[in-house]
Amino acid sequence: MHRHLVALAFAAGTLMAGSAMAQSQPYESVEEPKTWKVDVGGGFVRGFSATGDSSKDVNWTFWGSASYRDIVYANGLDGIGWNAIKTDDFRAGVQLRPRFAAGDIEGFDRPELGGDATVYAFKRLPGNVVVGGRLSQDVTGDDAGMVWNVQAGHQRVTPVGLLQLMGYARGGDSDRLNRYFGVTAEEAARTDYAAFQGDGGISAAGASAFLAVPIGDRYGVGAFVNYEQYLGDTRNSPLLEDDYTWRAGLIGVVRFNGM
């Protein structure tokens, strides 16, 4: 299996909601260990925007990541991370994780780009199934509270390329829910939206599939699809047009690495 398949899985996998980076997940290795790795690429994605653009549009998304011995790493979704515990089948560590801007709505004070302090742990089970999750807390003073994520995934090498399947759930406290989905009395008074303040708890669950296909020795392309159902009080938010969302994309990357 070409080594850049893992790089491609890093990139496209991050654009699927609920997906933690392969750098923090102990799937069975499909490449020789490298001292350092740098991945650069991008693609067209529907259902995700790091800058707060409409998620229903197809947006160009740039990708970049780097790691040193898969212990210290940085990437566009997980920010800066450290695998404080790293064994063949278990990883746990910390991240300073970006919290992406919400889409602009006239009359609302919407969250801008911020940051979350995060702890995570992932364990590989028989059959190359990885389970685990992460817990994140806003640390940039935006009153965005706490969010948690749990997931189970499976990865395999197929005759076409690297296939990853995943199911996940996400939730948080009332501060996180209301910062992104709430409507204050003041906002309701100056807009056509009804006031809404929800409680914390589970907010969404979903599933995703991703396939990475090699092109030559250093390049690759991948495609993913993701369906997510809003749950709990989140689905009652007047800011949501639907109680679900879906995402899809086509991504390409090139890898640079050292011994």
Tell me, which longest segment in the chain has none of the GluC sites (Glu not before Pro) that fall in DSSP loops with at most 15 further Cβ atoms within 10 Å?
113-240
Net lengthening on full extension, VAL72/LEU240 (0.36 nm per residue, minus Cα-Cα):
56.7 nm
In nanometres, what is the gap between the two model label sites at LEU165 and VAL225, each 7 Å from Cα along Cα-to-Cβ?
1.4 nm
Net charge dipole size for the chain [Lys, Arg +1 and Asp, Glu -1 on Cβ; Debye, nearest 20]
1220 debye
Using only the alpha carbons, work out the radius of gyration and Dmax of the chain in angstrom.
18.4, 61
In Å³ and rounded to a whole number, note down the convex hull volume per residue for the Cα atoms of region 76-153.
97 Å³
Mind checking which aspartates and glutamates have their Cα closer than 12 Å to the Cα of LYS37? Skip sequence neighbours fewer than 8 apart in that chain.
ASP70
Can you tell me the FRET efficiency between THR35 and VAL213 if r is taken as the Cβ-Cβ distance and R0 is 30 Å, rounded to the nearest 0.05?
0.70
Could you tell me what a quarter of the Cα convex hull surface of region 75-223 works out to, in nm² with one decimal place?
11.3 nm²
Shape box of region 145-259 [Cα atoms, principal axes, largest first, Å]:
58, 30, 27
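Just so you know, all these numbers are worked out from the coordinates, no wet-lab data involved. Computed from a predicted structure; not experimentally measured. With ideal geometry, Cβ positions are generated from the backbone for all residues, glycine too; neighbour counts draw on all protein chains shown.
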